[in-house]
Amino acid sequence: MQVIGLCRFSYPAIGGFQAGYETIENRRQFLYAPDRLEERFRLFEAITLPCVRAQTDGDFELLVLTGTCLPKSCADRLHDLTAGIKQIRIIKKEPADHKQIMREVLNSARTDPNQPCLQFRHDDDDAVSVDFIEGLRSAVQDNAGLIQKSESVAIDFNRGYIARCDAQGIHAAQVYRSLLGVGLGMIVQGGSTRTIFDRLHNRLARFMPMINYPDAPMWVRTLNGFNDSDHAQNDTTELLPLTAELDYEFQVRFSIDPDEIKAVYATK
């Protein structure tokens, strides 16, 4: 079964942000501010890309959507960072309606629209466990009866870590959170044009059956200076330095090297 992920990298969509902007130019100014882009690149390099490289099931595609107006130096940097990861394909689009462009990009990537496919959404500052793709496929097998009766079914791994990164390393806390967006997938039946971006991620369960897996930590969601969601901006979870045990878990489960985090933040 085809597995497609979509990651927006500073794409200036019309809509799709909780923070409002009067014009596309205002949105570009926010997205392309040097401090913001530098932080996104740090997190993308040290948090997001390692777990993509390390997936135990490498049969998937991650579409990285960015704007045609992304500054050339940043576009080159994005290309260089992802060049060695065969699952990543960069797609450049002009600003457009968020829901419409997400649907267009995802449905255009389906090799056979008459066959079911798995989709997932991913942010450029988060990580999933190295067995996330394997977990999505297992969920389909585990719930074949329900899936056969539904046009689409959400698959939510609702246990993970909230984390903050800086030159001192990673501070984190394990939490249970449903429908955050990270660690969230959806199976879509053949012939359907639905996508995982058609609805707000925290409302998916209103429109389709949802399967929850709370068994093991499956994601790391970072808190940083440019989170778009109100929940992330107002999260008061106490974050603590990684213990030796958690340091090991971050390396094994998410392919995140805490020492690399320190180095990335200390040198840039």
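Does R137 satisfy the criteria of being more than 14 Å from V220 (Cα to Cα), of a type in the set (D, E, K, R) and in contact with a Cys (Cβ under 9 Å, 6 or more places away or on another chain)?
no
How many of the residues in region 112-136 are within 19 Å of Q55 (Cβ to Cβ) and either over 15 Å from the mean Cα position of the chain (by Cα) or in a helix (DSSP H, G or I) (or both)?
Looking only at that region, the number is 6.
Restricting to region 1-33, and then to whatever is among the aromatic types (F, W, Y) and modelled with pLDDT of 80 or more, can you tell me which residue is nearest to I90 (Cα to Cα)?
F9
Name the residue, out of T56, T48, that is hydroxyl-bearing (S, T, Y), within 26 Å of H201 (Cα to Cα) and in a loop (DSSP other than H, G, I, E, B).
T56
If I filter region 94-105 for residues that are touching a Cys at 6+ places or on another chain (Cβ under 8 Å) and of a type in the set (G, A, S), do I get at least one hit?
No, region 94-105 contains no residue that is touching a Cys at 6+ places or on another chain (Cβ under 8 Å) and of a type in the set (G, A, S).
Would it be correct to say that M208 is touching a helix residue (DSSP H, G or I) at 6+ places or on another chain (Cβ under 8 Å) and not in a helix (DSSP H, G or I)?
Judged against the criteria, M208 is not a match.
Report, by residue number, each residue of region 166-176 that is at pLDDT 95 or above and of a type outside the set (A, V, I, L, M).
Of everything in region 166-176, those that are at pLDDT 95 or above and of a type outside the set (A, V, I, L, M) turn out to be H171, Q174, Y176.
Given the conditions (1) crowded, with 22+ Cβ neighbours inside 10 Å; (2) at positive phi, which single one is not true for R8?
Only one criterion is unmet by R8, namely (2).
Please go through (1) surrounded by 13 or more Cβ atoms within 10 Å (Cβ to Cβ); (2) modelled with pLDDT of 95 or more for T56 and return the number of the only condition it doesn't satisfy.
The number of the failed condition is (1).
For region 99-111, give me the residue count where each residue is free of Cβ contacts under 8 Å to residues at least 24 places away in the same chain and either among the polar types (S, T, N, Q) or in a loop (DSSP other than H, G, I, E, B) (or both).
2
Which residue pairs have Cβ atoms under 9 Å apart, sit 6 or more places apart or on different chains, and have a first residue in region 40-60 that is farther than 13 Å from C7 by Cα and a second that is basic (K, R) and in a helix (DSSP H, G or I)?
These pairs meet every condition: F41/R77; C51/R253; D57/R137; D59/R137.
What is the residue count in region 59-75 for residues that are buried (at least 17 other Cβ atoms within 10 Å of the Cβ) and among the small types (G, A, S)?
Residues meeting the conditions: 2.
Going residue by residue through region 76-98, is there one that turns out to be assigned to a helix (DSSP H, G or I), surrounded by 20 or more Cβ atoms within 10 Å (Cβ to Cβ) and among the hydrophobic types (A, V, I, L, M, F, W, C)?
Yes, there is a match, as at least one residue in region 76-98 is assigned to a helix (DSSP H, G or I), surrounded by 20 or more Cβ atoms within 10 Å (Cβ to Cβ) and among the hydrophobic types (A, V, I, L, M, F, W, C).
To keep it simple, each residue is scored yes or no on (1) part of a loop (DSSP other than H, G, I, E, B); (2) more than 19 Å from S129 (Cβ to Cβ); (3) at pLDDT 90 or above.
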site	(1), (2), (3)
G191	yes, yes, yes
F197	yes, yes, yes
A216	yes, no, yes
R221	no, no, yes
T236	yes, yes, no
E245	no, no, yes
F250	no, no, yes
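Filter region 252-268 for residues that are among the basic types (K, R) and at pLDDT below 95 and give the result.
K262, K268, listed by residue number.
Being in contact with a Phe, Trp or Tyr (Cβ under 6 Å, 6 or more places away or on another chain) and touching a residue at least 12 places away in the same chain (Cβ under 8 Å) is true for just one of G169, G160. Which residue is that?
When all the criteria are applied, what remains is G160.
The values are calculated or read from the model by the stated rules, or taken from the named source; none is laboratory data. Every value quoted in this text rests on a predicted model; they were computed, and no experiment measured them. With ideal geometry, Cβ positions are generated from the backbone for all residues, glycine too; neighbour counts draw on all protein chains shown.
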